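Structure first, then comments.
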Amino acid sequence: MQPYSPEPAFASLFAAFTGGYPQSIGRQLSRIMERQSDGDPLLVSSSSDVALFPGDSRAPELQSFRKHTKGFIELTAVSHVPLAVCYVARMRELEPDSDAWRGQLQFLIDQSRSARQANTVEMWRDRVALKAFAGNGNQTGRPNRVQSGDPRSTI
């Protein structure tokens with residue numbers, strides 16, 4: 001059996017648009033747009049930062065929004081729990097004779113319990129200091145635990 005190779009006429013048509021050679025439509029349009037927007041601002045976002053290049057050769061401004069944003073780690077930790085469970089399940093599928101997945105699952109359960117205990121209105125209001133919790137108080141003197149079914153549990 002001969003390895004697949006695209007029909008040359010179709011490969012050339014593909015390259016004419018997508019940039020398979022220096023004079024392709026895609027590369028030409030990119031060059032034109034570059035020239036016309038040389039001094040314009042550009043906003044670039046990565047998984048952890050936003051950079052603003054103000055244009056006209058001015059220095060960029062960088063803002064980190066992951067680990068330096070209050071509440072990011074807390075909310076992301078909770079949102080990643082289902083994915084972590086799926087990873088552990090996949091570990092079990094890939095190595096059915098190994099018990100390594102059990103240790104990982106137990107660690108995840110233990111960390112989830114600790115986070116659940118720390119999940120109080122006071123933590124969000126005073127430590128994370130979310131404006132959404134400003135003014136929420138507790139008259140009982142006991143920590144406010146955010147319980148499932150409580151409207152605050154969507155936090």
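The values are calculated or read from the model by the stated rules, or taken from the named source; none is laboratory data. Here the structure is a predicted model, which means the values were calculated and not measured. We place every Cβ from the backbone using ideal geometry, glycine too, and count neighbours over all the protein chains shown.
So that you can scan it fast, the table gives a plain yes or no per residue for (1) hydroxyl-bearing (Ser, Thr, Tyr); (2) in contact with a strand residue (DSSP E or B) (Cβ under 6 Å, 6 or more places away or on another chain); (3) closer than 30 Å to Lys131 by Cβ; (4) assigned to a loop (DSSP other than H, G, I, E, B):
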residue: Tyr4; (1), (2), (3), (4): yes, no, no, yes
residue: Arg31; (1), (2), (3), (4): no, no, no, no
residue: Val44; (1), (2), (3), (4): no, yes, yes, no
residue: Gly55; (1), (2), (3), (4): no, no, no, yes
residue: Ala59; (1), (2), (3), (4): no, no, no, yes
residue: Thr69; (1), (2), (3), (4): yes, no, yes, yes
Tell me yes or no: at least one residue of the stretch 27-46 is in contact (Cβ under 8 Å) with a residue 24 or more places away in the chain and either of a type outside the set (A, V, I, L, M, F, W, C) or not assigned by TED's automatic domain parsing to the domain that holds Leu105 (or both).
no
In the stretch 66-74, is there at least one residue being aromatic (Phe, Trp, Tyr) and under 30 Å from Gln104 (Cβ atoms)?
yes
Quick check on my filter: what residues within the stretch 77-108 are in a helix (DSSP H, G or I) and exposed (fewer than 12 other Cβ atoms within 10 Å of the Cβ)?
Ser79, Pro82, Leu83, Cys86, Arg90, Glu93, Leu94, Ala100, Gly103, Gln106
Matching residues, the stretch 71-110, being under 30 Å from Ala129 (Cα atoms), among the charged types (D, E, K, R) and without any contact (Cβ under 8 Å) to a residue 40 or more places away in the chain:
Asp110
Evaluate the stretch 99-110: report whether one residue or more is modelled with pLDDT of 90 or more and among the basic types (Lys, Arg).
yes
Do the conditions hold for Ala15, that is, is it at pLDDT 90 or above and part of a helix (DSSP H, G or I)?
no
Going by the conditions given, is Ile73 assigned to a helix (DSSP H, G or I) and either touching a Leu at 6+ places or on another chain (Cβ under 6 Å) or modelled with pLDDT under 85 (or both)?
yes
